[in-house]
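Encoded as structure tokens, the structure appears first; notes follow it.
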Amino acid sequence: MERYDPLKIEAKWQSKWEKEKPFKALEGKEGDGRQKVYLAEMFPYPSGAGLHVGHVRNFTIVDVLTRFYTQQKCNVLRPFGYDTFGLPAENYAIKTGVSPQSATETNINNFRKQAKRLGYAIDWDREINTSDPDYYHWTQWCFLQLFKKGLAYQKESYQWWCPVDKTVLANEQVEGGCCWRCGHEVEKKKMKQWFFKITAYADELLDEIDSLDWPEKIKTMQKNWIGRSEGAEIDFEVKDKKENIKVFTTRPDTLFGATFLVLAPEHPKVKKLVTEKTKSEVEDYIKTAVKKSEIERQENKEKTGVFTGSYAINPATGEEIPIWISDYVLMGYGEGAIMAVPAHDERDFEFAKKFDLEVRKVIEKSENIEDDSLCYCGEGELINSGKFNGVNTADAREGIVFWLESQKIGKKRVTYKMRDWLISRQRYWGCPIPIAYDKNGKPHAIPEDQLPVVIPEVEDYKPDDSGRSALAKAKDWLKVTIDGEEMTRETDTLDGYACSSWYLWRYVSPHDKKHAWDEKAIKYWAPTDIYVGADHAVAHLLYVRFWCKFFADEGFLPFREPIKKLIYHGYINAPDGKKMSKSKGNVIDPLDVINDGYGADTLRTYEMFIGPIELDAAWNPRSVGGVYRFLNRCWTLCFDTEISKKANNIVLRNKTIKKVTDDLHRCSFNTAVATLMEYVNELYKLGAEKDDLVALAKLLKPFAPHLASEMLEKLDSDDEWPIWDEKYLKDETIEIIVQVNGKLRAKISINTDEIDNEEKITALALENENVKKFAGNPKKTIYVKKAHLLNIVA
RNA sequence: GCCCGAGUGGCGGAAUUGGUAUACGCGUUCGACUUAAAAUCGAAUGGAAUCUUCCAUAUGGGUUCAAGUCCCAUCUCGGGCACCA
């Protein structure tokens, strides 16, 4: 018998697949009558290091499902692409002078080669690359649609700025006060920047989350990120000035307890509130507050602030209350101003204590609540609140807002934590924003027939502190004529997340020269049925939903949610349980595992067996060997004719088919592999007939496609997914579990057709010696047919 | 601080709807084959008592005929958010 030689058979099948392209999605009539299934992974950033084991987990999940549905004769779309814009290629260019264009090409070629070495069932004719002008042409087109509708707009404001990468960052890209790419502390810088108005879809993004077949964890994270809260907007008149201050509060019921106002240091009205006496102190405070980094703010939550010198009138009490400024009030949320109710808000309480401001209690908590703190934030009955005395807080929230509305000094208001999406980047290696400015600095869209705006070649990729990208150095490129008028191009590029916000739709018609996506193809294939990834819970996965809703509104997409089912898998860590990293030297290279002789089938099957898909897992080299032994046993079973002998395993076979099929439907890959291992172990003991081996090869194919193909060839069989027959799922006899008071005391065997004969089963159980010992005096019996179990209560 | 998860042998984990806890794999031990080793095949493997029993699913309580699974409290770990008014 020939030995199992994975490297040899994998080369054979891979070259066959390369030639015959069996994974091409069927188009037109060919696909008729078949169920369409559109699967994708979050496409990779092709780094110079090549595939890592995390990619392999990601791609293999998609591959197992792709093959599972393909074997069921579905019409499957499983494309592949590369997310190529970004800092690493640009930083590499700055360091080495190798252009990002050329480094990207090298890396893509390597990624493609490695993905092919893993035997993935990819439709290679649909490859996309976000830095290809044929692709970003349409990213720019998407931008222009948003621009036309006012959903891409410019705003001058304080933004996160990374002093190392010399670019602004979105809120989602600042992690713990540091740049998500280089880890350096970020600063605030006042700049005019481009934004996408994602907040226009806040409610819909929130409301439709519950309908998605996504992990709860991700749904909760998105809900928290959107952070909807209901409350009121209230006008406070400024004493002796023709000015008023709007505040947002979720607790209008506490209005009578508002003893001062606090404005964010960046609040535009601060200038008008200062007096000769307070001016210099206020200006100093603003200067330090703006300079303060996020880290400093987090580390030191001690309240700081200054009095502006002005007073406002509390509309409920008519009293004068001082107006302060403090950095604990954030400009980006609500109105950037609050009414402080120190008796019923922790933060206001701290501030009042520090600056010796009045604390006025307006809520009496009910007696059964144990809370001795001076600041009570719960519910209760109003006191010191004029005509609202005695009203409970929940009713008062309605009542006071109603009163404010009648006085025209306030109204109901909903706010969100989510901000608009900052998309300008002062970097070279990104999609140019298709905008030009006229002499007055007014932005104009580059006409659609002049797209794509191609990235110009430059000599020096280095960004600087000018706040403009290296594109500004391409002097000729900067000039553009629109409608006969000479203009200057925008030099910012788009956040990479913009490029990945629509690629799932490009895949349906990747070579379309006239449209971002083809109308017919999108109707047939999209939305994506299963999307697999390990990151981007809020950023990418929220942006795709936002663009989907926008393009649905514009009539370009016939659906409002882009991803039906999301599989969010865990990371693979080093054998020591720590994150793999070059500096720690604990990186497992998947290509090494293959080339060490294990082959791609073992690697794939191992990563599916490593543990539940949603959890992190640690690499275990010995377990890789265990999976290799399993595949070896499959080989032996099929090719060693001495072991294969006539046997009757029809029940075992049908049970296995059902279990593996069910497990794949619920994405329980580790137990599917375990079931196949059990099956093989049983066949070793019982002997196998041809049908057993055919079933094995077909069920194994999603995990180990090369080996399974070799087996199917030898067995002269197609690969159509096997179907179990209900009538073969039952053995002739059934084991009944007999418990006494819930404890196992005996097992009795009956004929399967006696399963409903509770009387006989009970009688048999009570005859059992061991049962008699424990249940001499049975009170009642409970028979659970479904569980094959009889419990005797004694 | 707030919001989610999770805690099962020496290890990774299984138990899908409340119904035989520890599937499968690793490791370990023994045996077969071999001059020998590797590979392969077979057997055993939660703990304690020792022949069928007791104790075990982070800890303490509860509901139930029956709890890893449900409820309450506590501890530990992981993730997310973090002055969002």
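Please treat every number below as a calculation from the coordinates, not as lab data. A quick note: this is a predicted structure, and the numbers were derived from the prediction, not measured. Cβ placement follows ideal geometry from the backbone for every residue including glycine, while neighbour counts extend to all protein chains displayed.
Considering only C-alpha atoms, what is the centroid distance from the range A:667-697 to the range A:488-502, in Å? Here the answer is 51 Å between Cα centres. All Cα-Cα separations within the range A:533-649 were binned at 5 Å from zero, giving a P(r) of 2, 9, 13, 14, 12, 10, 10, 9, 9, 6, 4, 2, 1, 0, each value a whole percent of the pairs. Taking the Cα centre of the range A:699-794 as the origin and placing charges on Cβ (Lys, Arg +1; Asp, Glu -1), which of A:Met711, A:Thr733, A:Trp721 is farthest toward the positive end of the dipole? Toward the positive end, the furthest listed residue is A:Thr733. The orientation-averaged projection of the convex hull spanning the C-alpha atoms of the range A:356-463 amounts to 16.4 square nanometres.
Shown is the FRET efficiency for A:Asp356 and A:Glu379, computed with R0 = 25 Å from the Cβ-Cβ distance and rounded to the nearest 0.05: 0.30. Going by the alpha-carbon gyration tensor, a ≥ b ≥ c the square roots of its eigenvalues, is the range A:53-124 rounded (a/c under 1.5) or, if a/c is not under 1.5, prolate (a/b greater than b/c) versus oblate? Prolate shape, in that a/c is at least 1.5 and a/b is the bigger ratio.
Go through A:Lys655/A:Lys698; A:Lys246/A:Lys271; A:Lys36/A:Lys786; A:Lys217/A:Lys523 and tell me which ones have a Cα-Cα distance over 26 Å in this structure.
On the way: A:Lys655/A:Lys698 15 Å; A:Lys246/A:Lys271 16 Å; A:Lys36/A:Lys786 36 Å; A:Lys217/A:Lys523 30 Å.
Long pairs (Cα-Cα over 26 Å): A:Lys36/A:Lys786; A:Lys217/A:Lys523.
With respect to the cross-link table entries A:Lys12/A:Lys690; A:Lys279/A:Lys442; A:Lys189/A:Lys272; A:Lys727/A:Lys747; A:Lys287/A:Lys361, which display a Cα-Cα separation exceeding 31 Å?
Numbers: A:Lys12/A:Lys690 24 Å; A:Lys279/A:Lys442 35 Å; A:Lys189/A:Lys272 23 Å; A:Lys727/A:Lys747 24 Å; A:Lys287/A:Lys361 34 Å.
Result: A:Lys279/A:Lys442; A:Lys287/A:Lys361 exceed 31 Å.
How big is the convex hull of the Cα atoms of the range A:647-791, per residue, in Å³? Write down the numbers at each step before the final one.
Details: hull volume 19.4 nm³, N = 145.
Enclosed volume per residue, from the Cα hull, is 134 Å³.
Dimensions of the range A:741-794 from C-alpha coordinates, computed as largest minus smallest value along each principal axis and given longest first, are 29, 18, 17 Å. Among DSSP beta bridges whose residues both lie in chain A, state the antiparallel percentage, nearest 5. For chain A, the DSSP antiparallel bridge percentage is about 75. If you wrap a convex hull around the C-alpha atoms of the range A:73-186 and split its volume per residue, what is the figure in Å³? About 185 Å³ per residue, rounded to a whole number.
Of the two radii for the range A:118-181, the radius of gyration is 1.13 times the Kirkwood radius, both from the alpha carbons; that is the Rg over Rh value. Taking Cα centre as origin and charging only the Cβ of basic (Lys, Arg, +1) and acidic (Asp, Glu, -1) residues, the dipole magnitude of the range A:400-509 rounds to 860 debye.
Working from label points 7 Å from Cα in the Cα-to-Cβ sense, the A:Lys442 to A:Asp240 distance is 4.4 nm. Only the Cβ atoms of Lys and Arg (+1) and of Asp and Glu (-1) were treated as charged; on that basis the dipole of the range A:23-98 about its Cα centre amounts to roughly 260 debye. The relative contact order of chain A, computed from alpha carbon pairs under 8 Å that lie at least 6 residues apart in sequence, is 14 percent. A simple spin-label model places pseudo-atoms 7 Å from Cα toward Cβ; at A:Val174 and A:Asn109 they are separated by 4.2 nm. Expressed as a fraction of 2.2 N^0.38 Å, the C-alpha radius of gyration for chain A is 1.20. Rg over Rh for the range A:448-489 works out to 1.02, both radii taken from alpha-carbon positions and Rh defined as the Kirkwood radius. In units of the compact-protein estimate 2.2 N^0.38 Å, the range A:482-539 shows a Cα radius of gyration of 1.59. Let me make sure I get this right: for the range A:1-134, a, b and c are the square roots of the gyration tensor eigenvalues over alpha carbons, sorted descending. Under 1.5 in a/c it's rounded, otherwise prolate if a/b > b/c, else oblate. Which is it? It is oblate, given that a/c is not under 1.5 and a/b is not larger than b/c. Exposure proxy for A:Asp753, A:Asp512: other Cβ atoms within 10 Å of each Cβ, ordered fewest to most, give A:Asp753, A:Asp512.
With coordinates expressed along the principal axes, the C-alpha atoms belonging to the range A:595-693 extend over 42, 33, 17 Å, beginning with the largest.
When averaged across all projection directions, what area in nm² does the alpha-carbon convex hull of the range A:213-270 cover? Spell out each step's value before the answer.
Numbers: hull surface 25.6 nm².
Answer in nm², one decimal: 6.4.
The sum of -39500 (n - 2.57) across all DSSP H runs of n ≥ 4, divided by the residue count of chain A, sets its helix-only mean residue ellipticity at 222 nm to -10500 deg cm²/dmol.
The protection proxy used here, the mean number of other Cβ atoms lying within 10 Å of each residue, ranks peptides A:127-138, A:769-780 as follows, highest first: A:127-138, A:769-780. For the range A:130-203 and the range A:244-282, compute the distance between their C-alpha centroids and round to whole Å. Value for the Cα centre distance between the two parts: 30 Å.
Of A:Cys375, A:Cys182, A:Cys431, how do they rank once you tally other Cβ atoms within 10 Å and put the fewest first?
Listed from fewest to most nearby Cβ atoms, that is A:Cys182, A:Cys375, A:Cys431.
Let me know the charge dipole size of chain A about its Cα centre in debye, to the nearest 20, where only the beta-carbon of Lys, Arg (+1) and Asp, Glu (-1) is charged.
Working: 116 positive and 126 negative charges, 120 e Å.
The dipole magnitude comes to about 580 debye.
The convex hull around the C-alpha trace of the range A:706-775, projected and averaged over every direction, spans 8.0 square nanometres.
Applying 0.36 nm per residue to the separation of A:Asp716 and A:Leu766 and subtracting their alpha-carbon distance, the gain on full extension is 12.7 nm.
With a ≥ b ≥ c taken as the square roots of the eigenvalues of the C-alpha gyration tensor of the range A:163-322, please select rounded if a/c is under 1.5 and otherwise prolate if a/b is larger than b/c or oblate if it is not? Can you show the working numbers first?
Numbers: a/c = 2.39, a/b = 1.33, b/c = 1.80.
Because a/c hits 1.5 or more and a/b fails to exceed b/c, the range A:163-322 counts as oblate.
D by Stokes-Einstein for the range A:1-72, Kirkwood Rh over Cα pairs, 20 °C, 1.002 mPa s: 141 µm²/s. Measuring how big the range A:576-635 is from its alpha-carbon positions, Rg and Dmax come out at 12.2, 40 Å. What separates the Cα centres of the range A:735-794 and the range A:75-95 is a distance of 63 Å.
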